[in-house]
1. Counting other Cβ atoms within 10 Å, keep those with at most 16, restrict to DSSP loop, and tell me which trypsin sites (Lys or Arg not before Pro) in the range 51-113 are left.
2. Please give the per residue volume of the convex hull enclosing the alpha carbon atoms of the chain, rounded to a whole number of Å³.
3. Placing unit charges on C-beta atoms (Lys and Arg positive, Asp and Glu negative, everything else neutral), compute the dipole magnitude of the chain about its Cα centre in debye, rounded to 20.
4. What 222 nm value per residue comes from the helices of the chain, counting each DSSP H run with n ≥ 4 as -39,500 (n - 2.57) and dividing by all residues, nearest 500 deg cm²/dmol?
5. Normalised by the number of residues in the range 53-143, what is the relative contact order in percent for Cα pairs under 8 Å and 6+ residues apart?
6. Can you check how the C-alpha radius of gyration of the range 156-195 compares to 2.2 N^0.38 Å, as a plain ratio?
7. Provide the packing ranking of 8-16, 24-32, 105-113, i.e. peptides ordered by the mean count of other C-beta atoms within 10 Å per residue, highest first.
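Nothing in this text is a laboratory measurement; each read-out follows from the coordinates by a stated rule. Being a predicted model, the structure only gives us computed values, none of them experimental. Every residue, glycine among them, receives a Cβ derived from its backbone with ideal geometry; neighbour counts consider all protein chains shown.
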Amino acid sequence: MTDASRDPFAWREHLRARFSLPAVTEHLPLEKATGAVLAAPVHAPEDMPGVPIAAMDGFAVRCADLTAGSTTLPVVAELPARAAAVPAHRPGTAVRIMTGAPVPAGVDAVIEVERTDASPVGPPPHAVTITLDALPEPGRHVRGVGEEVARGTELARAGDVAGAGLLGLAAALGLRELAVQRPPRVTVVVTGDELLRAERMHSADGADATAPGGVRESNGLMLEAALRADGVRTRHLHCGDDPAQLRDVLAEAAADTDLVLTTGGIGHGAFDVVKLALGELGTGTSEFVHLALRPGGPQGAGILAGGTPVVHLPGTPVGALVGHHLFVRPLLPGAPQAMRRVRLEDGPAPRTLRGRPGTLHALPAVLGRDEEGYETVRALPGRRLAPYGRADAILLLAAGGTTADGRPDEAPPDALVIAL
C-alpha cells in the first residue's frame, strides 16, 4: 500500500473492492423469516381478495331492487364470514351478511345494518326494510377481486427486510416461505497469551484466578455481539502467541465461514503473532498498514488458504470495535451502512484532538435532537472502552478542528457518525 492508502477511508474502500462475500440464497418458512433480508422480489401469487367480499355487516342486495326512500325485501339466507359454498342470489331478495363473508353472485351492494330496521344481533329477520336518502352506487361496501392486492403485484423488493407486515401479507396470500439471503458467517479469532477466557478465570472453589499480567478476554464477546446485531452467524476461537498454533487455528476458522476476523498481534513487537505468521516473515498472504486513525491505527487484511478473506483488527478493545464498524461492516451483505452526517454539539473532545492534521479520531458519542429537530451528536468523556458503555454512535473527527473530510469547522459544525 502507498502512503496515500494510509487514509482510513481509502483503506475502507480498498477492502470493499478486494473482498466480496458470497450472497447465498436460502428459503425460510415464514415463521423463521423475521428480520431476514430478501434475496428476490416477492410477488402476489393470487388476487386478494380472491372473491368479492362484504366490507360491512349488513344486507347483500341488488341495487336494481332498491328504490329511493324505503324498500322492504324478504331475507332468504344468512352468510357469516366462514369458508362455505355461497348460493347465487335470487333477485328481489336480501341476504344478511357479515364483514368478510363472500358476496353471492348477482349482488352488487351491501347495505350497512344501520340503514335498516333489523337488529344487528340475534337470528336474521324474515324481511328487512332498507331506508336510503338516495340509491346506492353499485359496489357499495363490496371489496372487489384484487382490490387490496392484484395477482403479480410486487410486495417487496430484493434487499428489503422481512418485517411483520410482509410476513402477514405473505401468509394471507398463501405463501409458505421466502427466498432470503443467508446470513454471513464470520469467525472471530482472538490472539494473545495474556488473554484469559471466562472458563479459565476462576479456580475450582470459584475464586478469581486472574494472574498478574493476565487480561480478561472481551474482544471475542464484543465483536460477536456487534456482528449478531447485524444478523451475522458467528463463532469465536482463541489462540496464543505461537505462529504455528495460529496457522492451525486459522485453518479451523476458515472452514465453513465467509470471513475471518483476528484481533491483536499486528503491531511491531517480537510477539505480534499475526504478523509473524502471515506477514513478510511468514506466509506473506496478508498486508499490514498503519492508518491515520486513533484509535485503531494498525490494520491488515489478506486471504487464507482456500480463499477465505481475513481482516486483522487491533488487540485493544476500542481499536477492535472501531475497526469493526469502519472496515468490517461495509463487507457484510445486508448489514446497514450507518455512516451519516449530523450536527455536532459543543464539547471538549472535538477541540482537544491531537495528532497530525488530518488524523481521523473515532470518539464514543451519543445521538440526540436540537431545538430545530436536527439530529445531533455529542462526544462522551472518558478513556478507552469505558464511555462505550452508553455510547450509541462513533463520532469521526479530524485533528485540527476540521470535519472528517477535511473541511474547516462551520457554524453549526457537522461531522460524520456511525450509529452503533
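1. On the way: sites: ARG62, ARG82, ARG96; in loops: ARG62, ARG82.
Sites meeting the loop and neighbour criteria: ARG82.
2. Roughly 240 Å³ of hull volume per residue.
3. Details: 39 positive and 49 negative charges, 110 e Å.
Using only the charged Cβ atoms, the result is roughly 520 debye.
4. For the chain, the value works out to -4000 deg cm²/dmol.
5. 43
6. Taking N as the residue count of the range 156-195, the ratio is 2.05.
7. Details: 8-16: 17.4, 24-32: 12.7, 105-113: 20.0.
Going from most to least packed, we get 105-113, 8-16, 24-32.
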